[in-house]
Amino acid sequence: MTVGELELVGRLRDVEPLRPEAFEQARTVLRAAMASDRPDEPTPARPRHHPRRRALAICGIVGLGIGIAAAAVAVALIATPASQPAITPGRPAARPPAAAHRTSTPLMRLAGYIKAHTGQPAGNATLIIRTQTYAKGQPATGADLYTDSGAYYWAPTESGLPAQIAAHHDIGNGMFRREVAAALYAVNGNLAIARQRMINAPSGHTGGVCSAQCDASATGITDNYLWENSLDALTAGAGNPRVRVGVLRLLSTLPDVTVTNTATGGQPTLTLAAGSPAFPGNYHEALTINASTGIPVAFAGGTLGQKPDVMITYQVFRVTLAAIAAGKF
Amino acid sequence: MDSDAELIGRSLAGDGEAFVEVICRHEAAVGAYLVRRAGREMAEDLLAEVWVAAFESRGTYDRSFPDARPWLFGVAMNRLRRHWRSRPAEDPVPDVTSLAAGWDPWPGVDGRVDTATVLRTALAGLRPHEREVLTLVAWEDLTVADAARTLGIPAGTARRYLHQARRALRNAPEVAALLTDLNTVKETR
């Protein structure tokens, strides 16, 4: 048979295949993007294509990287249990559990306690090892590094962070900065103004979803933005007690969020549950925080009465950027 | 077994895992596509971007086509172009002569001629669309019609590009000499 030019070019086709873990990693990133998109699941009132939410999810997953050595540079603020977190998303707002309270008292009390008893920690960045479990699919983890100056680096494992830092691969692109700033303002500032700043954080202080009168008539969309943006701030500023104080104060203004005394991994925790009006239908989200520090422990989201669509556990460390950049974990 | 189009439809209706199943079907092919054009290391970086971009644009998928592979190649091609556009100024050009570098397809051929280099140089001399159609057909086993889907051009146009590419290769003196040698060797065995 005569060899033609097409067959000749075809002989250049064989290449070394991708490694199996590369396929797995790519699928995991895809699943994370899908989770953030939530195309047809019970729909949060928040816009589906919210750029901050999307970017976080795309960049915030993959690999199996638990195993921080907690060396000298990293101060373990809290260790989360590897097992399923004690979260029950979807407590009906109309039938709160007996131990549940409306937000204002317990959250304000915890905020006051943190403010009075917690100093500024060492370090200049927060490292979070995040494990996400979806209703379908395998658990996935990623390492998020938020610097106090607002940069955000991500890698599948903490060992991948030095390369991201060296490459100046700050994928935060400004996200979280305004949310953290709003939380910090809420520590001592006027809560009505702080609410407005947090609600409008993705788009700046003006021109967002919340005008000056939004505090007078809280709606589902403003509740939703306040909840979601506050959770983003709490994540990015998990290592900073002042951020946690501000977030707690802000969340305390949501009248329909319930707070339940829980225990997670043997530690006293508080579980904050948000449903209607922050979310439509039966969709609920639950955030579990350490009962004495406010540090996030776990998150769950899903339909009331069903297995959560996504569960996240957090391991939070206070670190220095230089140490992580040097690979000192 | 559901077609890719059906799975994408289910994905749009809320079944996220249906889209992952589509990806699983084509990940080896799309991965190889990326490796051939960007090298393995970069391909591994780009693959996730391709899946996310495909997921985000699945609403535009024409579900009259049961097979999504040509569409996924198109998504991958766009990500590659974006990657090349964003490369630093000192490294601006996707060097086609390095396509499939690191692989030696000619262990049995006379060592006096670096045939792979000859071919790569000839490919580099083609017009971009001609080269795309040719390599989609020769490397990715697409039909000309599917290559046209990948590139978003009419099938007749893709056919013309392929014809022009083959003619250009045949007319390249070094390729012509290579073909002559190869076919002569075969005939004398």
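The table for this structure:
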quantity	calculated
One residue from B:20, B:30 being buried (at least 23 other Cβ atoms within 10 Å of the Cβ), at the interface with chain A (Cβ under 10 Å from one of its Cβ atoms) and modelled with pLDDT of 90 or more	B:30
Selection within the stretch A:259-286 - modelled with pLDDT of 90 or more and touching a helix residue (DSSP H, G or I) at 6+ places or on another chain (Cβ under 6 Å)	A:259
Out of B:6, B:41, sole residue that is out of contact with any Lys or Arg (no Cβ under 9 Å at 6 or more places or on another chain), more than 8 Å from every other protein chain (Cβ to nearest Cβ) and surrounded by fewer than 16 Cβ atoms within 10 Å (Cβ to Cβ)	B:41
Subset of the stretch A:273-292 (residues that are closer than 21 Å to residue A:307 by Cα, crowded, with 19+ Cβ neighbours inside 10 Å and out of contact with any Asp or Glu (no Cβ under 9 Å at 6 or more places or on another chain))	A:284, A:286, A:287, A:288, A:289
Residue check, residue B:71 in contact (Cβ under 8 Å) with a residue 40 or more places away in the chain, under 17 Å from the mean Cα position of the chain (by Cα) and part of a helix (DSSP H, G or I)	yes
Candidate set from the stretch B:50-68 (those that are at the interface with chain A (Cβ under 9 Å from one of its Cβ atoms) and within 17 Å of the chain's Cα centre (by Cα)); member that is surrounded by the fewest Cβ atoms within 10 Å (Cβ to Cβ)	B:54
In the stretch B:137-159, residue nearest to the other protein chains (Cβ to nearest Cβ) [restricted to those that are without any contact (Cβ under 8 Å) to a residue 60 or more places away in the chain and of a type in the set (S, T, N, Q)]	B:143
Members of the stretch A:1-18 that are surrounded by fewer than 14 Cβ atoms within 10 Å (Cβ to Cβ) and either at the interface with chain B (Cβ under 7 Å from one of its Cβ atoms) or within 13 Å of residue B:137 (Cβ to Cβ) (or both)	A:2, A:7, A:16
Selected residue (only one of B:123, B:134 is at pLDDT below 90, within 12 Å of chain A (Cβ to nearest Cβ) and within 17 Å of residue A:12 (Cβ to Cβ))	B:123
Tabulated pairs, the stretch A:313-329, first of a type in the set (D, E, K, R), second outside any loop (DSSP other than H, G, I, E, B), C-beta under 7 angstrom, 6+ apart or interchain	A:318/A:75; A:318/A:77; A:318/A:126
Top-ranked residue in the stretch A:22-31 [being closer than 14 Å to residue A:141 by Cβ and charged (D, E, K, R); ranked as nearest to the other protein chains (Cβ to nearest Cβ)]	A:31
Of all residues in the stretch A:32-42 being more than 8 Å from chain B (Cβ to nearest Cβ) and part of a helix (DSSP H, G or I), the one that is modelled with the highest pLDDT	A:32
Residues (among the polar types (S, T, N, Q) and assigned to a helix (DSSP H, G or I)) located in the stretch B:3-20	B:11
The lone exception for residue B:35 - which of (1) over 22 Å from residue B:123 (Cα atoms); (2) in a helix (DSSP H, G or I) it fails	(1)
Flag for residue B:121 being surrounded by 14 or more Cβ atoms within 10 Å (Cβ to Cβ), assigned to a helix (DSSP H, G or I) and touching a Leu at 6+ places or on another chain (Cβ under 8 Å)	no
The stretch A:25-46 residues that are within 17 Å of residue B:13 (Cβ to Cβ), paired with ones that are among the charged types (D, E, K, R) and modelled with pLDDT of 80 or more (beta carbon under 9 Å, 6 or more apart)	A:34/B:17; A:35/A:309; A:37/B:56; A:38/A:309; A:40/B:15; A:41/A:309; A:42/A:309
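The values are calculated or read from the model by the stated rules, or taken from the named source; none is laboratory data. Quick caveat: nothing in here was measured; it's all calculated off a predicted structure. Quick reminder, even Gly has a Cβ in these numbers, built from the backbone with ideal geometry, and neighbours come from all protein chains shown.
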